[in-house]
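The values are calculated or read from the model by the stated rules, or taken from the named source; none is laboratory data. Computed from a predicted model, the values in this text were never measured in an experiment. As a convention, Cβ positions derive from the backbone with ideal geometry for all residues, glycine included, and neighbour counts pool all protein chains shown.
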Amino acid sequence: MGRSEKIRKRYDRWSKFYDVFDLGGVNDQKMLAVDLLKLQPNAIVMDMGTGTGAILPYLAKQLGKGGKVIGIDFSQKMIKAANERIEKEGIASKAKAMVADGTKLPFPDNHFDAIIATFAFTSFPEPEKAIRECARVLRPGGIFSILDTGKPPGKKHQFRYRYLKTVMWRAGYTDISLDIPKLVKKSGLKLSKIERFSGSFAYITVAMKI
Ligand SMILES: C[S@@+](CC[C@H](N)C(=O)[O-])C[C@H]1O[C@@H](n2cnc3c(N)ncnc32)[C@H](O)[C@@H]1O
């Protein structure tokens, strides 16, 4: 079994307890990543690697009647959980979730006004390809906001970082050494902001398609 299939199967298994342990949850960092998209009411938005779709209700709340958010994930069981959430929250008129591989998105070029990805790319088998796909389907002027875990600058937290890096790789092939801003720039998007949080390895990268 290849790495991609192993990761997909692992998330299929994890879908059962992801919400029980609030692994996906919505916290201040995720809400800020959404707020940085500066969504218009009629925006068409994608949540890449949506998991159980925990952020979909918060995204749907930012949108008016003409707006839509679509969560994609390559794990069928994660998408099943996300669709159950959409029904339970009564947001089906604005949100949907579908199975799709982030490296082969089933959308035309320049389709989305905004794209968000929270803790997704560090666990993608081919993150560079997926980021390139996001750049393709984002419309010119569209915003891409990425919240993920990464290497903190400076020397202070390097020991904790190295420990976390090993633990996360062993637990779920999550590669927190991924340089997301570098890959975003390589995809042709223009970096507009990097927001770091003190005492946390999480950071947000914001970019725009020119
Ligand atoms: C750590 S979870 C994050 C879920 C959610 N965004 C959150 O913040 O809780 C990463 C998700 O990315 C999905 N994923 C990994 N590789 C993918 C790919 N190539 N295409 C689509 N989804 C993928 C996994 O199935 C998993 O649900």
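Restricting the search to the stretch 174-200, which residues are under 16 Å from the mean Cα position of the chain (by Cα) and either assigned to a loop (DSSP other than H, G, I, E, B) or modelled with pLDDT under 90 (or both)?
Those that are under 16 Å from the mean Cα position of the chain (by Cα) and either assigned to a loop (DSSP other than H, G, I, E, B) or modelled with pLDDT under 90 (or both): Thr174, Asp175, Ile176, Leu178, Asp179.
Those residues that are basic (Lys, Arg) and within 16 Å of the ligand (Cβ to nearest atom), I need them from the stretch 26-38; list them, please. Let's see the steps before the verdict.
Kept after step one, since they are basic (Lys, Arg), are these residues of the stretch 26-38: 30, 38.
Within the stretch 26-38, Lys30 is the sole residue that qualifies.
Determine, yes or no, whether Thr122 is at pLDDT below 95, surrounded by 16 or more Cβ atoms within 10 Å (Cβ to Cβ) and within 20 Å of Trp14 (Cα to Cα).
no
So how many residues does the stretch 7-54 have that are in contact with a Ser or Thr (Cβ under 6 Å, 6 or more places away or on another chain) and closer than 24 Å to Asn110 by Cα?
3
Inspect all residues belonging to the stretch 19-30 and state whether any of them is in contact (Cβ under 8 Å) with a residue 12 or more places away in the chain, surrounded by 15 or more Cβ atoms within 10 Å (Cβ to Cβ) and touching a Leu at 6+ places or on another chain (Cβ under 7 Å).
Yes: one or more hits.
Scanning for something surrounded by fewer than 15 Cβ atoms within 10 Å (Cβ to Cβ), of a type outside the set (A, V, I, L, M, F, W, C), within 15 Å of the ligand (Cβ to nearest atom) and at negative phi, does the stretch 39-53 turn up at least one residue?
Checked against the condition, which is being surrounded by fewer than 15 Cβ atoms within 10 Å (Cβ to Cβ), of a type outside the set (A, V, I, L, M, F, W, C), within 15 Å of the ligand (Cβ to nearest atom) and at negative phi, the stretch 39-53 yields no hits at all.
Where the second residue is in a loop (DSSP other than H, G, I, E, B) and hydroxyl-bearing (Ser, Thr, Tyr) and the first is within 20 Å of Glu126 (Cβ to Cβ) and lies in the stretch 163-176, which pairs have Cβ atoms under 8 Å and are six or more apart or on separate chains?
Lys165/Ser177; Met168/Thr174
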